[in-house]
């Protein structure tokens, strides 16, 4: 090989090495930024629930060594994001503002993945974790508008507003709820994932009205009036409850999916569990209070069905039709 070819080969190797080092440097910087935002989320979540972060809690949440956590804490102090009060950490106003931006992005993405991308619920958290660091505040605002400005994510957690307002935490764990007292599910904790997957597989959802009919150290039994859910107390503790709202003013109200073919009804409104893109789409299609609707056609398989509303035929899956509350008319059309 001549001197020229040797020079070209050395130059090519140097270019490859430079690109590899540049990529590795950018990757380390990105990982460092993501870890800082994850730390902000963790500390805000603890403060939101009335607790304080610590070196141990951060190490466990971030899954890193103590030394890496200590370096991160020093960096966050230098940037004015947190203050140490003995062994505990508190976010500064600037740290809280940045934490809320990440949380807003995360919960809007969860709403998007659940409602529009139709990801299975146990997968939306991980998908949002990957995307939250890349969604700017302006992009989050556009996503919120496209989803109809939802107020809660699929697990019942409130979505912070653009201004950074988030309502106080609510709900009581099912393990602390009185027996035989009617309650509405307001939040399903998605950590640990295996417990959340069990709740989803059992058919438990945010917005359901349930009652605890049996409780022991080994199991809890909940019912929604039609089905019974038998859960280990450790899993039931991930269900958060509030007192159920009063009975509806329309005792004959049905869900749209329950209408017989040819039967007509007036729309009363949408179920509170219908949020985000799904809610906006139904309202855009005319599913608003007072509209007259008729179950027009049923497919051979029974799902989806076609409904006539405002002079238009609209096909809905049973899951979607169950989110529309209607008052049947006395006679079918």
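Just so you know, all these numbers are worked out from the coordinates, no wet-lab data involved. Only a predicted model underlies this, so the values are computations on that prediction, with no experimental measurement involved. So basically every Cβ, Gly included, is an ideal-geometry build from the backbone, and we count neighbours across all protein chains shown.
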Length released on extending from residue 116 to residue 49, taking residue separation times 0.36 nm less the Cα-Cα span: 21.1 nm
Once the Cα atoms of helix 93-115 and of the chain are each reduced to a long axis, what angle between those two axes, in degrees from 0 to 90 to the nearest 10, is obtained? 50
For an R0 of 51 angstrom, estimate the FRET efficiency from the Cβ-Cβ distance between residue 85 and residue 179 and round to the nearest 0.05. 0.80
In whole Å, how far is the Cα centre of region 104-167 from that of region 256-333? 27
Row for region 199-320, column shape: gyration tensor on C-alpha, a ≥ b ≥ c, rounded if a/c < 1.5 i.e. under 1.5, prolate if a/b over b/c, else oblate; value prolate
For the chain the mean separation of alpha carbon contacts under 8 Å (6+ apart) over residue count, i.e. relative contact order in percent, is 12
On a 0 to 90 degree scale, rounded to 10, what angle separates helix 66-78 from the longest Cα axis of the chain? 90
Determine the relative contact order of region 103-152: mean sequence separation of Cα pairs under 8 Å and six or more apart, normalised by residue count, in whole percent. 47
Anisotropy class of region 172-243 from Cα gyration tensor, a/c 1.5 cut: rounded
Measure nothing fancy, just the Cα-based angle from helix 193-202's long axis to the longest principal axis of the chain, in degrees from 0 to 90, nearest 10. 20
Need the C-alpha centroid separation for region 190-208 versus region 35-102, integer Å. 28
